[in-house]
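Notes follow once the structure below has been shown.
The numbers here are math on the coordinates, done by the rules we state, and not lab data. Just so it is clear, the structure is predicted and the values come from calculations on it, not from any experiment. Every residue, glycine among them, receives a Cβ derived from its backbone with ideal geometry; neighbour counts consider all protein chains shown.
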Amino acid sequence: MQELYDPQKLFNYLRNHHWNKGIPQEFIEEWAQMNISHYSLTEADQLDFEIILNKVKSPSQVKCSPHKIPTLKIQEITHPAESIPSIYEEPEEFRDWFYTKLDLIEDIIDKFKNNLQQLNGLKIHKISNLEIRKMFTSGDQIFNQFQNSANFDASSVINNYSKGLETILNDKLSSCLRPLTELYQSKFRRKNTSPEFNNKFGDLMKKKSISLGKWVGIMKDWKIPYKDAELRDFYACIEKNFDNQTIMIIQRACEFISQYREAHSKTSSMDKIVLIRPKAIGLINSVIDVLYDNLSEYSEIPSLLDFKQFKSWLLFKLSKIEHFLDIH
């Protein structure tokens, strides 16, 4: 019994012998009465014991000072842990259990997301790109810190939002156009592309990001029947990858937010930002919804907060496991 004062050994013992059936009262009483005068419990040990004993529903009064006999407030025998059906021996029961837990998790996540939405409003949990998330988070941090200072120059709040939106467009739209930039690169270098093409997509040809203001022009003119092949090809590529509704959502967001982009030349007091921020967040969230919800392939595990996508990924993996079991 003495070696069970090692937290890892205690945990392994409980897990291997009693975890599913509950901890016998006799064991808890015997363990609590052990004399450990030659042991020294550190603060880390105490934390480990607290975690273990909370897991088995036995509140402890273990002290981290040496040469003391630990005491426990003993409750009744803990409730047995839930038994998980075997995916090998009981595949149907496992599937039922699995779906029940998914529904439970979804309910918990929905409640958490509602709280999260009330805190900052932006759906950054859907975005895996840390650079984009940092831009939006920086804007929120400034807003939360100075929102009660009416005359504070808060233009950097919307400026950070606009940077985040611009980077989203570079991440999702510009990436689709990159094969075309390579195709027309030599023509662009020879200055054989039209001035209008250079104005709209010249930055992309120079391997730079397109500014939010230029995205406004690109989205505004996407239905114009251009004569030169470069513009036709670039717009055709956008239409191929994004439907009309998505383009209109992006256009509205760019038009509204770009007017507040130039924080270095314009100032916006906090009381003004308080008024325009809800609309800005709504427009950005609409863009996030259409650009980050329709992923057909999963190169990485989706965020648990984006539970719809995470659930699809999880069920996809489950189907792969079931297929493997069927053929073996």
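Only one residue in GLN245, GLN251 is under 16 Å from THR167 (Cα atoms) and not charged (D, E, K, R), so which one is that? Walk me through it before giving the result.
Numbers: GLN245 fails: under 16 Å from THR167 (Cα atoms).
After ruling out the rest, the residue left standing is GLN251.
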Going by the conditions given, is TRP215 in contact with an Asp or Glu (Cβ under 9 Å, 6 or more places away or on another chain), outside any helix (DSSP H, G or I) and closer than 19 Å to CYS176 by Cβ? no
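Out of the residues in the range 193-246 that are of a type in the set (S, T, N, Q) and without any contact (Cβ under 8 Å) to a residue 12 or more places away in the chain, state the one that is surrounded by the fewest Cβ atoms within 10 Å (Cβ to Cβ).
Here is the first cut: in the range 193-246, the ones of a type in the set (S, T, N, Q) are 193-194, 198-199, 209, 211, 241, 244-246.
Checking the rest, the ones that are also without any contact (Cβ under 8 Å) to a residue 12 or more places away in the chain come to 198, 244.
Numbers: ASN198: 15, ASN244: 10.
It comes out as ASN244.
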Test ILE224 against the stated conditions and say whether it is in contact with a Phe, Trp or Tyr (Cβ under 9 Å, 6 or more places away or on another chain) and not in a helix (DSSP H, G or I). yes
Across the range 196-210, the tally of residues that are under 32 Å from the mean Cα position of the chain (by Cα) and under 17 Å from LYS220 (Cα atoms) stands at 2
